[in-house]
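Notes for the one structure printed next.
The values are calculated or read from the model by the stated rules, or taken from the named source; none is laboratory data. What you see is a predicted model, and the numbers here were worked out from it, not measured in a lab. Neighbour counts run over all protein chains shown; Cβ positions are idealised from the backbone, glycine included.
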Amino acid sequence: MKKIILMFLLISVIACKKEDSTKEINKQTKEIVQYSIEQFYKNKNVNGGAFNNDETKLLVNSNETGIYNVFEINIKSGQKKQITFSKKESFFAIDEVPGSKDILYTADKGGDENNHIYLLAKDSSSTDLTPGDEVKVNFGGWSEDKKFMFYSSNKRDKKFFDLYKMNLTDWKSNMIYKNEKGLNIGAVSNDENTFSISKSITTSEDKLFLFNRKNKKMTEISNKPGVYNSSGFSKNDQYFYYTTDVDKEFTYLVQYEIATGKKKVIFETKWDVMYSYLSENEKYRIIGINEDGKTNLIIKENKTGKNIDFPDIPDGDIKGVNISESEKLMRLTVGASKSTSNIYVYNFEDRSLKKLTNTMNPELDADNLVSAEIVRFKSFDGLEIPAIYYKPLTASKDNKVPALVWVHGGPGGQSRVGYFSLIQFLVNHGYAILAVNNRGSSGYGKSFFKMDDLNHGDKDLKDCIWGKKWLQEQNYIDADKIGIIGGSYGGYMTMAAMTFTPDEFKVGVNIFGVTNWLRTLKSIPPHWESFREALYKEIGDPFTKDSIRLYEISPLFHAKNVKNPVMVLQGANDPRVLQVESDEIVNEMRKNNIPVEYVLFPDEGHGFRKKENEIKGYGQVLLFLDKYLKEVQPVKS
């Protein structure tokens with residue numbers, strides 16, 4: 001379905017100061033096409049992109065079948081072939097098994113997040129290599145000789161991940177590190193004698209160690225408090241690399257000489273280094289930088305330190321790369337705020353660039369979508385808050401539009417510049433969206449990140465309210481028609497706004513959001529054990545006197561305060577935010593005759609995997625907003 005909107009825009013052209021008295025106002029008629037939710041979700045999400053053994057194909061994941069399945073793309077011809085044919089669970093490619101045509105993929109059941117590793121043989125038979133009830137498994141890469149696979153699993157103890165090594169010939173495995181202290185196993189050296197191991201102290205502090213298997217010696221690298229993340233070993237195991245923010249606001253890349261303990265900063269900038277790794281034979285180093293909500297990728301020639309120029313992709317934002325084992329080819333994932341991500345392959349030898357996917361629904365014209373804009377506003381205490389802003393093309397002083405404050409997940413997440421069909425769908429239908437990166441968000445320095453510790457539902461919520469005030473200052477926003485929307489932690493913030501500041505937002509949309517911190521923190525999945533104490537130190541420990549404050553900041557226990565309409569979306573299999581949380585707060589609001597729309601998905605977990613559910617859920621979000629925000633109705637006072 002398409003609907004043409006005719007709108008009149010007043011464009012004021014103001015000359016430079018020397019001709020300040022001359023002003024010209026033009027009227028233009030612009031046609032904006034409104035698209036249906038079905039049209040937006042005809043887009044294909046394609047991700048991954050591992051090179052097969054002979055580097056003639058890429059293994060990718062695509063949801064074009066309605067859920068994610070594994071596909072392979074022929075690099076030369078561009079032809080795509082479906083490899084898995086699941087109709088119930090989403091399958092995600094890991095890699096082609098070295099020395100064969102067999103494929104590894106991972107999948108959970110119904111969104112329960114207990115992923116296993118499966119072997120897909122060339123005869124199309126599938127085998128669960130890591131079976132077990134309530135077992136979660138993480139792929140850890142191949143051995144240097146490509147004869148073994150590393151993986152971590154909590155099959156021995158549901159709370160702890162041990163490290164295993166599996167033989168690719170008979171697929172038998174043995175444990176090579178028994179984890180009994182809630183540690184996180186990182187990289188494995190090429191000679192398999194050294195592991196990087198970390199311990200979460202808080203969400204903003206880690207301990208980092210190197211463990212030597214031969215002498216059982218544990219050497220601590222984290223001599224000062226800070227964030228530490230492994231970035232792997234050098235090919236000859238002389239060096240270990242890691243990122244840290246010690247003595248700085250932002251994370252930077254460090255080289256650690258294993259024999260001597262000498263440390264050397266090898267890359268830093270004024271933003272966080274998110275990750276860094278070396279190509280197979282160390283010809284190139286890839287560095288990902290979180291630059292103001294957008295990924296900036298740098299590839300350096302490792303010997304000279306010179307930057308490699310990226311191929312020019314008009315209007316493209318390079319979000320990720322993978323360099324083939326031969327170091328001749330590079331897979332690039334490229335997207336933008338108003339166009340879906342696509343996969344390209346770049347040939348270093350002949351400098352050719354080939355586009356392999358076309359993921360955007362051809363019915364969608366990018367000219368009818370909007371580019372994200374990075375803005376900043378002052379909060380209640382003068383703190384500058386960054387945000388990502390989407391202004392409808394139909395908005396003008398003479399055509400005021402409603403607006404939404406969007407809150408990301410986390411806590412500690414970040415709204416970033418990038419394509420999201422739901423946001424573009426709502427903006428296309430006339431809703432301005434301000435995605436607030438409230439205090440406590442990542443990407444803006446460690447001081448900013450820590451500002452919401454043990455203070456959730458207070459100052460971070462005020463940042464969202466001051467974001468609403470910023471929206472009200474725009475002369476094309478209907479100041480009386482502003483709502484709040486978010487998922488997970490953003491869902492909590494939505495419900496916090498509706499309960500603790502019930503007069504601020506006209507509607508709230510809670511997507512998989514926490515409403516009872518006491519239950520959520522007590523019922524976190526067992527395999528979160530290594531992170532549990534750190535989480536408690538940021539949010540609160542429900543088994544201590546913190547429970548008093550957690551009760552006070554839990555929307556469920558204050559649902560009687562809600563005045564305005566609320567929509568709740570929930571997955572029945574959600575292991576993080578249990579269905580009972582949404583059931584209870586919906587019932588409490590209904591007791592008080594608050595308009596509540598509740599959409600439960602029996603085959604989803606913490607977020608959407610199935611297109612049909614996205615279409616159903618997000619389509620109903622628009623209907624809810626059109627009913628209660630665009631045409632505000634009287635509600636209980």
Inset, instruction - Please verify whether the stretch 134-146 includes one or more residues that are assigned to a strand (DSSP E or B), more than 24 Å from the chain's Cα centre (by Cα) and at pLDDT 95 or above. - result: yes
Inset, instruction - Would you point out the residue of the stretch 585-635, among those that are of a type in the set (S, T, N, Q) and closer than 25 Å to Phe420 by Cα, that is surrounded by the fewest Cβ atoms within 10 Å (Cβ to Cβ)? - result: Gln620
Legend entry - Residue in the stretch 200-215 that is touching a residue at least 12 places away in the same chain (Cβ under 8 Å) and within 30 Å of Ser126 (Cβ to Cβ) present: no
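Which of the residues spanning the stretch 301-348 are polar (S, T, N, Q) and either over 25 Å from the mean Cα position of the chain (by Cα) or not in a strand (DSSP E or B) (or both)?
Those that are polar (S, T, N, Q) and either over 25 Å from the mean Cα position of the chain (by Cα) or not in a strand (DSSP E or B) (or both): Asn302, Thr304, Asn307, Ser324, Ser326, Ser337, Asn347.
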Legend entry - Filter result for the condition that a residue is crowded, with 16+ Cβ neighbours inside 10 Å, free of Cβ contacts under 8 Å to residues at least 40 places away in the same chain and assigned to a strand (DSSP E or B), over Phe195, Phe240, Phe161: Phe195
Inset, instruction - May I ask you to verify whether Asp574 is buried (at least 19 other Cβ atoms within 10 Å of the Cβ) and either among the hydrophobic types (A, V, I, L, M, F, W, C) or part of a loop (DSSP other than H, G, I, E, B) (or both)? - result: yes
Inset, instruction - Please report, ordered by residue number, the strands (runs of 3 or more DSSP E) entirely within the stretch 8-97 with at least 2 residues that are polar (S, T, N, Q) and modelled with pLDDT of 80 or more. - result: 57-62, 69-74
Inset, instruction - Kindly state which strands (runs of 3 or more DSSP E) lie completely within the stretch 420-536 and contain at least 3 residues that are within 28 Å of Leu622 (Cβ to Cβ) and touching a Leu at 6+ places or on another chain (Cβ under 6 Å). - result: 477-487
Legend entry - Single unsatisfied condition, Val246 versus (1) surrounded by 21 or more Cβ atoms within 10 Å (Cβ to Cβ); (2) in contact with a Pro (Cβ under 9 Å, 6 or more places away or on another chain): (1)
Inset, instruction - Hey, could you check the stretch 539-553 for residues that are surrounded by 19 or more Cβ atoms within 10 Å (Cβ to Cβ) and in contact (Cβ under 8 Å) with a residue 40 or more places away in the chain and say which is farthest from Lys158 (Cα to Cα)? - result: Ile553
Legend entry - Whichever residue in the stretch 431-461 is on the phi > 0 side of the Ramachandran plot and surrounded by 21 or more Cβ atoms within 10 Å (Cβ to Cβ) and, among such residues, is farthest from the chain's Cα centre (by Cα): Gly457
Legend entry - Any chance Lys248 is farther than 27 Å from Ser143 by Cα and not β-branched (Val, Ile, Thr): yes
